[in-house]
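To start, the structure itself, in structure tokens.
The values are calculated or read from the model by the stated rules, or taken from the named source; none is laboratory data. Predicted, not measured: the structure shown is a model, and the values here were computed from it. Please note that ligands, DNA and RNA were not included when accessible areas were found on the heavy atoms of the full protein model with its side chains. Shrake-Rupley method; radii C 1.70, N 1.55, O 1.52, S 1.80 Å.
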Amino acid sequence: MTEYPTYDVAVIGYGPTGVTAANLLGQMGLKVAVIERDSDVYARARAISTDEEVLRIWQQVGLADRLSVDMLAGRPVAFVDAGGRSFIDIKPVSRGSGHPPQQFLYQPAVEKVLRDGVDRYPNVEVLLEHECLRVLQSGTDVELMLADLRQDVFTRIRASYVIAADGGSSPTRTQLGIGYEGRTYAERWVVIDTEVINEWDGHDRLRFHCDPARPTVDCPTPLGHHRWEFPVREGEDEKELVTDAAIWRVLRNQGITSDEVKILRAVVYSHHVRFADRWRVGRVFLAGDAAHAMPPWIGQGMSAGVRDAANLCWKLGAVLSGSLPESVLDSYQTERMPHVREVTKRAVKTGRLITERRTVLAAARNRIFRVAMRVPHVPEWLRDRRWIPDARYPRGFMATSGTAAAGWQIPQPWVLDATGNRTRLDDVIGGQWAIVHRGPAQAWGAWSAAGVPCVEVTPAGTAVTSNTVVDTDGLLLAWMREKDTTVLALRPDGFVYAAAGHGQALPPPPAGLTVRPLSHIRPPHREG
């Protein structure tokens with residue numbers, strides 16, 4: 001067999017999904033190749049927001065706080081009628097992940113920070129201006145044929161596994177013969193990106209202008225940018241709509257002139273609802289837009305891809321280190337697909353609310369919601385149900401017995417660690433298997449034999465020791481009481497593999513689990 005450069009994992013695509021995967025895998029010490037056909041970060045902003053759970057993923061690689069510097073957090077959201085009068089006002093609240101509940105972002109800046117993060121890992125090789133032409137699988141690895149676009153030559157590499165995060169038109173998905181079910185909406189949308197010259201009232205708020213004549217999204221983006229989006233009406237010329245004259249007609253209708261913004265660019269795009277039939281073919285996995293596409297209404301397209309990377313990468317690391325069998329990789333689609341489908345369903349419903357064109361129904365919508373917003377608890381229900389579903393996997397890689405806590409991601413409180421420093425819980429646990437308990441420690445024999453560390457969570461006012469953390473706000477302790485648990489067995493991604501309450505036995509660890517990192521695997525990088 002011809003010898004080619006070999007890697008543990010090859011990542012095809014260097015957008016948010018791929019660069020997150022590269023950081024996670026690089027931190028594990030795995031040998032990684034990243035293949036990207038473009039020479040630099042894509043200049044046009046696409047994603048405009050993310051959420052606390054995604055920041056928690058980026059926290060794992062020590063980048064969340066740096067990324068947050070360039071984001072807008074905690075901004076209110078309003079749905080307004082044709083006259084600009086609000087009928088829904090919502091301000092997101094935290095679900096307890098240790099970060100602001102929603103952050104508006106400027107995607108090129110986010111990707112730059114994430115790419116700088118990859119540069120910390122000499123075990124990750126980034127091949128810019130390379131295109132993957134073919135993936136050929138054997139029983140032990142995958143051979144990738146690459147075109148070096150800078151020199152017009154072909155090279156080959158091998159990898160034990162491949163993550164194809166190469167976008168909605170994924171050549172890898174096509175090559176593997178994987179179907180991409182769903183639909184593309186006939187209605188096209190214009191996206192206008194601008195640079196803010198002078199701020200105006202409402203420049204930092206997200207508003208959905210639910211005008212039947214011209215629904216418009218008015219969205220803040222940080223670092224001196226702002227975005228508008230609106231649909232192409234029947235009979236309108238797309239090329240004319242992206243001219244400066246047409247753009248200014250739309251912006252002036254929003255009360256915006258050249259005194260407030262400078263137009264950077266305008267493009268036309270389509271909304272998609274798509275799902276790949278399979279997310280795994282042998283040693284190749286689809287992630288991000290290659291696996292699914294959703295409308296942009298709730299800003300979760302990019303976030304869904306980052307969640308894919310977080311779910312898949314720790315499992316690949318466990319298989320490559322020998323601590324779990326390869327069968328664990330089958331749980332990737334089982335866990336992620338239902339969550340993505342539910343997020344997509346909510347995005348579609350939100351889009352229908354915003355884009356109602358029938359004036360009678362739009363007027364009824366406005367009246368109904370204005371009344372509902374005055375009813376006790378309804379605003380809170382709308383706020384909590386508007387965006388993403390709970391961070392929970394009903395099925396997948398977890399124990400089937402024990403308490404109902406299995407499959408949930410635990411909240412992340414700020415805690416006092418063994419040195420008395422205030423930090424986030426995930427930074428104490430360090431992205432590894434862990435037993436977290438309240439009350440006295442027990443034997444938990446099989447877990448201890450597998451090398452899984454134990455951490456006791458104690459209430460505010462208690463002393464810290466080498467094996468305790470103090471839950472200063474009582475967030476995790478309250479959650480554990482609500483779930484009727486005294487002990488949790490956590491996976492490296494913070495989801496509960498197994499749990500038990502008073503008088504219950506903790507289900508055993510997965511067969512073969514041994515927490516024994518390879519010598520080349522590094523400890524998690526902390527922020528600071």
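Annotation: Cα Rg of region 308-433 relative to the compact-globule expectation 2.2 N^0.38 Å equals 1.50. Taken one residue at a time, the phi angles of region 318-326 give Karplus couplings (6.51, -1.76, 1.60, θ = phi - 60°) of 5, 5, 5, 7, x, 8, 9, x, 4 Hz. Gly and Pro are set to x. Beyond a 31 Å Cα-Cα separation, which of these cross-linked pairs lie in this structure: 262/345; 112/262; 91/239; 315/349; 239/262? Check vs 31 Å cut-off fails for 262/345; 91/239; 315/349. Taking the square roots of 5 times each eigenvalue of the Cα gyration tensor of region 170-276, largest first, gives ellipsoid semi-axes of 30, 16, 13 Å. Along its three principal directions, the equivalent ellipsoid of region 456-520 from the Cα gyration tensor extends over semi-axes of 24, 18, 11 Å, largest first. Heavy-atom accessible surface of region 1-131, averaged per residue, reaches 34 Å², computed with a 1.4 Å probe.
Here region 11-147 is treated as a Stokes sphere of Kirkwood radius computed over C-alpha pairs; at 25 °C and 0.890 mPa s its diffusion coefficient rounds to 144 µm²/s. Rolling a 1.4 Å probe over the heavy atoms of the protein chains gives region 390-479 an accessible area of 44 Å² per residue.
Among the protein heavy atoms of region 5-130, carbon and sulfur supply 51% of the accessible surface, probe 1.4 Å, non-protein parts ignored.
Looking at the chain alone, DSSP beta bridges between its own residues are antiparallel in about 70 percent of cases. Note on residue 31: aspartates and glutamates with a C-alpha under 17 Å away, same-chain residues under 8 apart excluded, are 3, 8, 119, 125, 141, 143. Once the Cα atoms are used to define both axes, helix 107-118 deviates from the longest principal axis of the chain by about 20 degrees.
Binning the alpha carbon pair distances of the chain at 20 angstrom intervals from zero yields the distribution 21, 53, 25, 1, expressed in whole percent.
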